[in-house]
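A.B. asks: Here's a structure for you.
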Amino acid sequence: MSDQLTKYLFADRSVRLQTVELDTAWQAMQQGHDYPPAIGRLLGELVAASLLLSANLKFDGTLALQLQGDGDARLIVVECRSNLDVRATVKLREDAVVADDAGLQALVNPGGTGRFTVVLDPQHRQPSQVPYQGIVPLVGETVAEVLEHYMASSEQLQTRLWLAADLERSTGLLLQRLPNDGGKEKTAEDDPDETWNRTLHLAETLKREEMLENAAPTLVHRLFWQEELTAFEPMPARFHCPCSREKVANVLRVLGQPEVEEILAESGEVKVKCDYCLTAYRFDPVDCAEVFASNDPVSVRHKSGNTH
Ligand SMILES: [Zn+2]
C-alpha cells in the first residue's frame, strides 16, 4: 500500500514518528506538467513535507507551502488539506534550462531574494479573517534543512525531517520530540533525552536511495526494529484539485465585465487553465453573459475567498 501517511508513537510516548509515501498520487500530480527531474525532486520533497506537517497540526484547513523564486523556478505552490488532499504546481521561468543536479538554492534562490512562506488557511474562515502566514528563511541546502530551521525558530517541539523524491515517488519521515511523557509514570532511571537521542541516531542513518527504493513500513522496521512502537491506522493521501467551473466563473466576476468583454473581442472565448490539474475551462460569449447575469456581489466575495 502506498499514497498514505502513518503515525507511530514510541513506547515511552516521548517521540512521535510519521512516515508518508506517495507514488500513484504523486505521479498523477505531475501528469501533463512534464517537470524537469530537478524540479520534480524539489516539488516531491515539498509535497511529502506538506503532508507530514499537515498531519502534525491540530488544524482544520489548508496548509500551503509557497516558494517565490528568483531562479528557474519562479513560483512553487503545494497545498495540503487536513484530510490529506494535496495538489501542487510549479511556474518555471520561460527560458529556464534546469540542470539535472540543481538543488533548492540554485532553483529558487540564486539571487538571494527567494521567499518561502507557510500559509495556514482555516476551513471555515470568516471573510474578515486573514490566513496565518509564516516566513521561512531560506537557510539550508534541502527542503528538510530549511523547514527544520524554521520549526526550530517558530515552535518549541524539536522536529527532524527526512525527505526524498524522484519523478516516481515522494516520501518522507518526521521525528518529533513530544513536550511531555503523555502521562506515563516515570521511573528514576528515565532520561528525557534518551529516547530522542537514540531514535534520532537511528534515523540519521537513513539514505535518500533507501527511502526511494523501500516501502515506508520496511524502512521503519529496519531503523526501529528494536524499539517498541505503536502504529496508528494509516491515513490515505490523494491528489485532488478542488477547482471547478463555478470557481472560475467567480474569478471572471472579480475580473469584471469590461475586462472579460475585451478578452472575448480578442479571442472569441475566455480560456482558463487550472495551474494545478491543468483542466481547461472555456467560456464563450453566451457563457460569459450568463456569468454576469447571475452576478451577486455578496456571494462572489464569499466564494472567491475559497478559490485557492
Ligand atoms: Zn484544478
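The values are calculated or read from the model by the stated rules, or taken from the named source; none is laboratory data. Keep in mind it's a predicted model, so treat the numbers as computed, not measured. Every residue, glycine among them, receives a Cβ derived from its backbone with ideal geometry; neighbour counts consider all protein chains shown.
A.B. asks: When you go through 307, 279 one by one, which is the residue that is within 16 Å of the ligand (Cβ to nearest atom), at pLDDT 95 or above and either within 26 Å of residue 90 (Cα to Cα) or not assigned by TED's automatic domain parsing to the domain that holds residue 87 (or both)?
C.D. replies: Going through 307, 279 in turn, the sole match is 279.
A.B. asks: Which of the residues that make up region 254-273 are in contact with a Lys or Arg (Cβ under 9 Å, 6 or more places away or on another chain) and not aliphatic (A, V, I, L, M)?
C.D. replies: 269, 271, listed by residue number.
A.B. asks: Where the second residue is among the acidic types (Asp, Glu) and the first is away from the ligand (no atom under 16 Å from the Cβ) and lies in region 226-247, which pairs have Cβ atoms under 6 Å and are six or more apart or on separate chains?
C.D. replies: Going by the 6 Å Cβ cut-off, the qualifying pairs are 237/3.
A.B. asks: Oh, and also: Tell me which residues, restricted to region 65-101, are surrounded by fewer than 22 Cβ atoms within 10 Å (Cβ to Cβ), touching a helix residue (DSSP H, G or I) at 6+ places or on another chain (Cβ under 8 Å) and of a type in the set (A, V, I, L, M, F, W, C).
C.D. replies: 84, 92, 98, 99 - these are the residues of region 65-101 that are surrounded by fewer than 22 Cβ atoms within 10 Å (Cβ to Cβ), touching a helix residue (DSSP H, G or I) at 6+ places or on another chain (Cβ under 8 Å) and of a type in the set (A, V, I, L, M, F, W, C).
A.B. asks: Among the numbered conditions (1) over 23 Å from residue 242 (Cβ atoms); (2) assigned to a loop (DSSP other than H, G, I, E, B), tell me where residue 125 comes up short.
C.D. replies: All conditions are met except number (1).
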